[in-house]
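One structure is given here, and the rest of the page talks about it.
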Ligand code: ADP
Ligand code: MG
């Protein structure tokens with residue numbers, strides 16, 4: 001299956017939230033990475049039919065998804081950014097309710113609900129009310145509803161929002177497990193959410209797609225441009241004021257600071273060791289302001 005996004009534009013009044021996005025997606029995991037306000041949710045809302053594009057279109061195997069209507073919604077699973085869970089429902093009651101809304105056959109729902117609850121590790125609390133759930137459990141339940149009807153296209157908007165690092169890892173691993181054979185789109189501003197799982201990273205900045213590539217290629221483009229400077233603390237102001245240096249992580253060992261920097265050429269006048277670029281460096285250099 002193939003999704004083709006063609007010159008997608010969305011304006012809210014005067015605000016141009018999407019400025020003509022193009023991309024072609026086939027089976028695999030895609031990380032839509034960009035800061036808050038970049039246009040990620042706007043894109044997801046258009047893809048899921050919750051919002052109408054101002055112009056441009058999305059094609060699924062050559063057919064406009066708006067014309068496909070129900071047919072497209074039938075192959076789509078969506079985990080929205082805003083949590084919409086009913087506190088007094090049980091986990092299985094919530095899934096049964098959504099299955100009914102989706103016109104899933106009763107027999108199919110009865111079979112599928114325990115399966116997805118098991119996949120997301122919620123079998124033991126299937127009969128517990130959602131209000132007793134932790135943030136991580138709620139996120140897992142939202143993923144469960146998104147995969148309930150075995151979607152071909154799975155759209156996850158900020159799936160790890162509000163989770164601690166351990167819960168983030170659990171959600172990321174869960175996504176990797178359920179992604180086989182699907183087009184999975186993960187929107188996030190958290191680099192580590194897509195660093196290992198995504199086959200392709202799409203960087204979105206102010207409504208424009210500024211990169212669409214593999215992690216290796218994106219990091220490769222920064223090869224020879226990332227260094228760790230070893231400086232005395234007093235020198236930090238000089239480093240920060242140096243326009244040729246983009247400052248990343250800073251760590252300290254007694255009076256010495258280790259400052260990760262991105263720059264065009266090896267920095268002169270510093271004790272600098274080259275380091276391997278990571279996706280966080282790519283993010284930093286793309287969204288430097
Ligand atoms: P992201 O999900 O990447 O944080 P959004 O798609 O939510 O970005 O927002 C993109 C831009 O569009 C932001 O500047 C945001 O303020 C604006 N925006 C989003 N929704 C609306 C709306 N309903 N009305 C007006 N502006 C909006
Ligand atoms: Mg968003």
Next item on the list: Keeping to region 93-106, report how many residues are over 18 Å from residue 136 (Cβ atoms) and touching a residue at least 12 places away in the same chain (Cβ under 8 Å).
Entry: 5
Item checked: Positions within region 254-263 being within 29 Å of the chain's Cα centre (by Cα) and either in a loop (DSSP other than H, G, I, E, B) or farther than 13 Å from residue 231 by Cα (or both), in sequence order -> 262, 263
Next item on the list: All but one of (1) more than 16 Å from ligand 2 (Cβ to nearest atom); (2) within 20 Å of residue 158 (Cα to Cα); (3) in a strand (DSSP E or B) hold for residue 7, so report the exception by its number.
Entry: (2)
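Taking only region 18-41 into account, find how many residues are touching a strand residue (DSSP E or B) at 6+ places or on another chain (Cβ under 7 Å), within 16 Å of ligand 2 (Cβ to nearest atom) and not in a strand (DSSP E or B).
5
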Notebook entry, point to check: Given the structure, is residue 69 surrounded by fewer than 17 Cβ atoms within 10 Å (Cβ to Cβ), farther than 30 Å from residue 283 by Cα and more than 14 Å from ligand 1 (Cβ to nearest atom)?
Noted result: yes
Notebook entry, point to check: Given region 182-253, what helices (runs of 4 or more DSSP H) lie entirely inside it while holding 2 or more residues that are within 13 Å of residue 280 (Cα to Cα) and within 16 Å of ligand 1 (Cβ to nearest atom)?
Noted result: 191-195
Notebook entry, point to check: So is residue 182 in contact (Cβ under 8 Å) with a residue 12 or more places away in the chain, in contact with a strand residue (DSSP E or B) (Cβ under 6 Å, 6 or more places away or on another chain) and over 16 Å from residue 78 (Cβ atoms) or not?
Noted result: no
Check: Given the conditions (1) without any contact (Cβ under 8 Å) to a residue 12 or more places away in the chain; (2) more than 30 Å from residue 133 (Cβ to Cβ), which single one is not true for residue 72?
Finding: (1)
Next item on the list: Inspect region 42-52 for any residue being away from ligand 2 (no atom under 16 Å from the Cβ), without any contact (Cβ under 8 Å) to a residue 60 or more places away in the chain and more than 17 Å from residue 188 (Cα to Cα) and give the result as yes or no.
Entry: yes
Check: Looking at region 94-144, which of its residues are within 19 Å of residue 154 (Cα to Cα) and in contact with a strand residue (DSSP E or B) (Cβ under 7 Å, 6 or more places away or on another chain)?
Finding: 142, 143
Next item on the list: Consider residue 165 carefully, then state whether it is free of Cβ contacts under 8 Å to residues at least 12 places away in the same chain and touching a helix residue (DSSP H, G or I) at 6+ places or on another chain (Cβ under 9 Å).
Entry: yes
Margin query: Whether any residue in region 59-69 is in contact with a strand residue (DSSP E or B) (Cβ under 9 Å, 6 or more places away or on another chain) and within 30 Å of residue 162 (Cα to Cα) is what I want to check.
Written below: no
Note to self: For the structure I just gave you, tell me whether residue 93 is over 24 Å from residue 177 (Cα atoms), in a strand (DSSP E or B), more than 11 Å from ligand 1 (Cβ to nearest atom) and over 18 Å from the mean Cα position of the chain (by Cα).
What the structure shows: no
Next item on the list: For region 153-164, state whether one or more residues are assigned to a helix (DSSP H, G or I) and either away from ligand 1 (no atom under 16 Å from the Cβ) or over 27 Å from residue 106 (Cβ atoms) (or both).
Entry: no
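Coordinate-derived values only; no laboratory data. Only a predicted model underlies this, so the values are computations on that prediction, with no experimental measurement involved. Ideal geometry is used to build each Cβ from the backbone, glycine not excepted, and the neighbour counts take in all protein chains shown.
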